[in-house]
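The values are calculated or read from the model by the stated rules, or taken from the named source; none is laboratory data. For clarity, every value in this text was computed on a predicted model and none was experimentally measured. A quick note on method: Cβ atoms are made from the backbone with ideal geometry, for glycine too, and the neighbour counts reach across all protein chains shown.
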Amino acid sequence: MKILIKNGHLVDPKNNIDGQFDLLIDQGKVVAVEPSINAPDAEVVDASGLLVTPGLIDIHVHLRDPGLEYKEDIISGTRAAAAGGVTSIACMPNTKPVIDSAPLVEYIINKAKNQGSANVFPVAAISQGMKGEVLAEMGELKAAGCVAFSDDGVPVVSGELMRRAFEYADTFGAPIISHAEDLSLVGDGCMNEGEVATELGLKGIPWVAEDAATAREIMLAEFTGARLHVAHVSTKGSVELVRQAKARGVKVTCEATPHHFTLTDEAVRGYNTNAKMNPPLRTRSDVDAIRAGLADGTIDAIATDHAPHHYDEKNVEFAIALNGIVGLETLLPLTLQLVRDGVIDLVRAVALLTCRPAEIIGIDRGSLEVGAVADIALIDPELEWTLDAQKLQSKSKNTPFDGWQLRGAAVQTLLAGCTVHPR
Amino acid sequence: MAFNPKHILTIRDLRAADINFILDTALSFKEINTRQIKKVPTLRGKTIVNLFFEASTRTRTSFEIAGKRLSADTINISASSSSVVKGETLEDTAQNIEAMHPDIIVMRHSASGACDYLAKRLKCSIINAGDGTHEHPSQALLDAFTIRQHKGQIAGLTVAIVGDVTHSRVVRSNIYCLTKLGATVRVAGPRTMLPPGLEKLGCEVHSSLSSAISGADCVMMLRIQRERQGKTLIPSLREYARFFGLNTENIKLAKDDAIVLHPGPMNRGVEISSFVADGPQNVILDQVENGVAVRMALLYLVAGGEQLPKD
Amino acid sequence: MTAESVEILDLDGVNRSLTRIAHEIIEKNKGVDDLVLIGIRTGGAYLGKQLQQRISDIEQQTVPFGTIDVTMYRDDLASRSDLAVGQTDIPFAIDNKRVILVDDVLFTGRTIRAAMDAMMDFGRPQNIQLAILIDRGHRELPIRPDYIGRNLPTSRSEKIKVDFDQHHIPRAVRLYKH
């Protein structure tokens, strides 16, 4: 069946397209992109006033499946993605059990294919059981379909193991995604170390915990010549470290989350456990540095670190609440806010959400050239709506943006030409 | 100016006028503690639960006596600090207690923000008797009361607070309380025990004991937790005592009529030498005595505020 | 306050009443032995001081004087918006004393009830007698004054106020209609 998307404002940074184009889909693929297409046999979608972009790509998502399905599963997580205009996600391996064997990679890919509303690209563990001791079977994992390796959430402490991980992963052409934190400096900190933590009497996590680890990862990547992707940079120093590394040719990329470029540690006031995440919300100068990094190309992608947690895990004393927030359904409006704030232009914003993350994990998405899979987001950039956490598609409702007035939303999401949102 | 607090959670949220009102009220209640019959019927029929998730003798006893002298029924509950270990959440524990219709819960908890947490979820009044390393309002009020008793007024005084500021809820409440009342507050300790951004709370930060107490009207020494010894913050109590302990020599740097306070319990020979602790300048037992009056005032003001919602 | 008010007693009227009460107290108690005066804060305390002076003038003997704040003994804690508590100052034992309790205006009797309860916490007086400047009626408790400056029938909505100057000397009694 053919679908013709007419009169939309097509933004496809990969192919340098930014203007009024029609787009024709047949058999789940893009078959034509022209200023005006006439296809009498096609179902017509009127995209007047809408942006038409490649389906968004979020390379940092916790789907919690297998093992922690009470928080999220592949079905609910990909529905949340679709609702947010996201058609491809990379999911992190800190499930139960940890994604450190080929059958688990296959389980995720198959379940997503059969029951999901988005493409799911598993990230497998660096070390077996994410224990930081023995390398996971990266060759098999890659062959089974994983796109990268990470011990996200449990940083690899051993410099030696990390060095070998870079070298070994490079053998199979996959990047290492590093959750860069020096755990001894984190201690039992639960928010950013600074004025607010001092006032609230909460243990702080100093910025140097992230910067020191980021520096090590960059050095190891430089030393091994392997590819490093730094997850969720949250500090001014990390951004600068990546900027300098790129300048001297290190194969490093990095991502930033919407919450780290939107909120500061002030959001923790009132002991708001939905403002508790790792890395923690930082200060205004860190937020400004991340925004500058997004603008100058230091930061390559926007990723959500979508981390669903059950109500009970957040409805506790701040110090014992779990880290993380859901993000798939707020990714788009918070990113568009950067455009409205004049931080980045629309094309750059779409690139940060599509072709750039696709390049990092090496997938053939994020482009609307003829022949590409028709993963598409139809976006009303001006649609104003109020976030009601209870109405999120995700099983978990842990968001600091509950009740926020947001602007911009995916009004329709197509996955290989099929509408997955609205359902 | 009406002051009908539903809760007493922090000093930070109080105005200077509120603090003075509490101190004035405490002055009226103090007289009761010297009577033969140390009891007034003010809170007859009120139920006060002392919900302590952390061991405390002094504060709990002080609140208990305060409640009893006001004729309230006071019940002490010592709960396990770790809800995880106990398998019951803080909310469940508190809701179970609230189902028995207390009017006031006086709460001590090891987690910063725990009192704020309960206040947002329960209908009864909450008085913070110390939450983690956040605030300890009644301690700061009794300190201010004691300083006022000895110095006449607080405005214009210089108060030095020395010790492990990072882990002290007493410091935070005292900084707010004393600066709101017009005092200059200096804090001092080894840098490992001084968290960033302290100046933003309104105090001066000193890294030596001598510079902090020089010319001070009041010197408050904080308890050093013995378990901090030999970890990353200080190498030994011996060394701590040498550089940050108050003794008969260095106290001469303070004003001649300076008073010495300590929130207790004291580590004699560590943060304070016995000769100072028992010396003429110490007002430590006045603090304890005044604690009852201040807590009576807090219980009275919280109970006497707006009618509790009927459920 | 701009409410309409009427002067009930002028300065001379107040002074005459106080002097008469002083005489009555001495007469009824056949002297001032074992007599103590306790004024209820704040108006009663000011008037008690006046009575102490007058009794001293007549008898050439000073009667112990104390003040009592009954806030802690009141029965309307939850419905009050002003929670200020005054200080009680009774610098003598009241055991086996004849206590003259002094207040300015007697209305429902609840304040006197509270004051008597408070007194009992200080000791066991031989008896308690009540002296008041104005009895405006509307008693809610079985309380009857022993010494009255002036009986004044009022309606519940009216207010009676004794005006004092900055030295706490009574100047007049006024009735405010609402």
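Within the range A:193-202, is even one residue more than 14 Å from chain B (Cβ to nearest Cβ) and touching a helix residue (DSSP H, G or I) at 6+ places or on another chain (Cβ under 9 Å)? Within the range A:193-202 (the criterion being more than 14 Å from chain B (Cβ to nearest Cβ) and touching a helix residue (DSSP H, G or I) at 6+ places or on another chain (Cβ under 9 Å)), the answer is no, since none of the residues qualifies.
Evaluation of A:Val420 against the conditions (1) surrounded by 20 or more Cβ atoms within 10 Å (Cβ to Cβ); (2) out of contact with any Asp or Glu (no Cβ under 6 Å at 6 or more places or on another chain); (3) not in a strand (DSSP E or B) shows that the sole unmet condition is (3). Exactly one residue out of C:Pro170, C:Pro142 is more than 14 Å from every other protein chain (Cβ to nearest Cβ), of a type outside the set (Gly, Ala, Ser) and without any contact (Cβ under 8 Å) to a residue 60 or more places away in the chain, and it is C:Pro142.
Taking the listed residues B:Ile272, B:Ile234, B:Ile259, B:Ile224, the one that is buried (at least 23 other Cβ atoms within 10 Å of the Cβ) and at pLDDT below 95 is B:Ile224, with no other qualifying. For the range C:85-94, which positions are over 16 Å from the mean Cα position of the chain (by Cα) and more than 7 Å from chain B (Cβ to nearest Cβ)? Result: C:Pro91, C:Phe92, C:Ala93, C:Ile94. Considered as a group, the residues in the range B:23-44 that are facing chain C (nearest Cβ under 8 Å) and over 16 Å from C:Thr71 (Cβ atoms) include one that is surrounded by the fewest Cβ atoms within 10 Å (Cβ to Cβ), and that residue is B:Gln36.
If the condition is being touching a residue at least 60 places away in the same chain (Cβ under 8 Å) and farther than 25 Å from A:Pro66 by Cα, then the range A:126-176 contributes A:Gly159, A:Arg163, A:Phe166, A:Gly173. You will find that of A:Glu255, A:Glu217, the residue that is within 19 Å of A:Gly297 (Cβ to Cβ) and either within 14 Å of chain B (Cβ to nearest Cβ) or acidic (Asp, Glu) (or both) is A:Glu255 and no other.
Can you tell me which of (1) within 14 Å of chain B (Cβ to nearest Cβ); (2) in contact with a strand residue (DSSP E or B) (Cβ under 6 Å, 6 or more places away or on another chain); (3) of a type in the set (Gly, Ala, Ser) is the one C:Gly123 doesn't meet? With (1) within 14 Å of chain B (Cβ to nearest Cβ); (2) in contact with a strand residue (DSSP E or B) (Cβ under 6 Å, 6 or more places away or on another chain); (3) of a type in the set (Gly, Ala, Ser) applied to C:Gly123, the lone miss is (2). Here's a check for you: in the range C:36-71, which residue that is in contact with a Gly (Cβ under 9 Å, 6 or more places away or on another chain) and acidic (Asp, Glu) is farthest from the other protein chains (Cβ to nearest Cβ)? Result: C:Glu59. Scoring B:Thr89 on the criteria (1) closer than 17 Å to B:Leu299 by Cβ; (2) hydroxyl-bearing (Ser, Thr, Tyr); (3) surrounded by fewer than 19 Cβ atoms within 10 Å (Cβ to Cβ) leaves a single failure, condition (1). Here A:Leu161 meets the list (1) closer than 15 Å to A:Ala226 by Cα; (2) aliphatic (A, V, I, L, M); (3) not in a helix (DSSP H, G or I) almost entirely, failing just condition (3).
A search for C-beta distances below 8 Å between a residue of the range A:100-114 that is touching a residue at least 24 places away in the same chain (Cβ under 8 Å) and assigned to a helix (DSSP H, G or I) and any residue that is among the charged types (D, E, K, R) and surrounded by 14 or more Cβ atoms within 10 Å (Cβ to Cβ), counting only pairs 6+ apart in sequence or on different chains, returns A:Ala102/A:Glu137; A:Ala102/A:Glu140; A:Ile108/A:Asp65; A:Lys111/A:Asp65. Do we have any residue at all in the range A:176-188 that's in a helix (DSSP H, G or I) and closer than 12 Å to A:Ala124 by Cβ? No, that holds for no residue. The set of residues in the range C:95-115 being away from chain B (no Cβ under 12 Å) and aliphatic (A, V, I, L, M) consists of C:Val99, C:Ile100, C:Leu101, C:Val102, C:Val105, C:Leu106, C:Ile112, C:Ala115. A single member of C:Leu101, C:Leu77, C:Leu133 is more than 17 Å from the chain's Cα centre (by Cα) and crowded, with 19+ Cβ neighbours inside 10 Å, and it is C:Leu77. When each of A:Val316, A:Val347, A:Val268 is tested for being of a type in the set (A, V, I, L, M, F, W, C) and without any contact (Cβ under 8 Å) to a residue 60 or more places away in the chain, the lone residue that passes is A:Val316.
Looking only at helices (runs of 4 or more DSSP H) that lie completely in the range A:331-406, which have at least 2 residues being closer than 30 Å to A:Asp170 by Cα?
Passing ranges, in order: A:346-353, A:355-361.
Screening the range A:115-136 for residues that are aliphatic (A, V, I, L, M) and assigned to a strand (DSSP E or B) and picking the one that is nearest to A:Cys418 (Cα to Cα) gives A:Val120. Would you check which residues across the range C:1-38 are under 18 Å from C:Gln166 (Cα atoms) and surrounded by 17 or more Cβ atoms within 10 Å (Cβ to Cβ) and list them? The one that is under 18 Å from C:Gln166 (Cα atoms) and surrounded by 17 or more Cβ atoms within 10 Å (Cβ to Cβ): C:Val14.
Buried (at least 24 other Cβ atoms within 10 Å of the Cβ) and modelled with pLDDT under 95, is that true of B:His136? No. Take the conditions (1) within 14 Å of chain A (Cβ to nearest Cβ); (2) over 18 Å from B:Ile259 (Cβ atoms); B:Gln139 misses just one of them, which is (2). A search for C-beta distances below 6 Å between a residue of the range C:8-29 that is free of Cβ contacts under 8 Å to residues at least 60 places away in the same chain and any residue that is surrounded by 15 or more Cβ atoms within 10 Å (Cβ to Cβ), counting only pairs 6+ apart in sequence or on different chains, returns C:Thr19/C:Arg54; C:Ala22/C:Leu51; C:Ala22/C:Arg54; C:Ala22/C:Ile55. Do you know which of the residues in the range C:58-75 that are part of a loop (DSSP other than H, G, I, E, B) and in contact (Cβ under 8 Å) with a residue 12 or more places away in the chain is nearest to C:Ile38 (Cα to Cα)? Restricting to residues being part of a loop (DSSP other than H, G, I, E, B) and in contact (Cβ under 8 Å) with a residue 12 or more places away in the chain, the top hit is C:Pro64.
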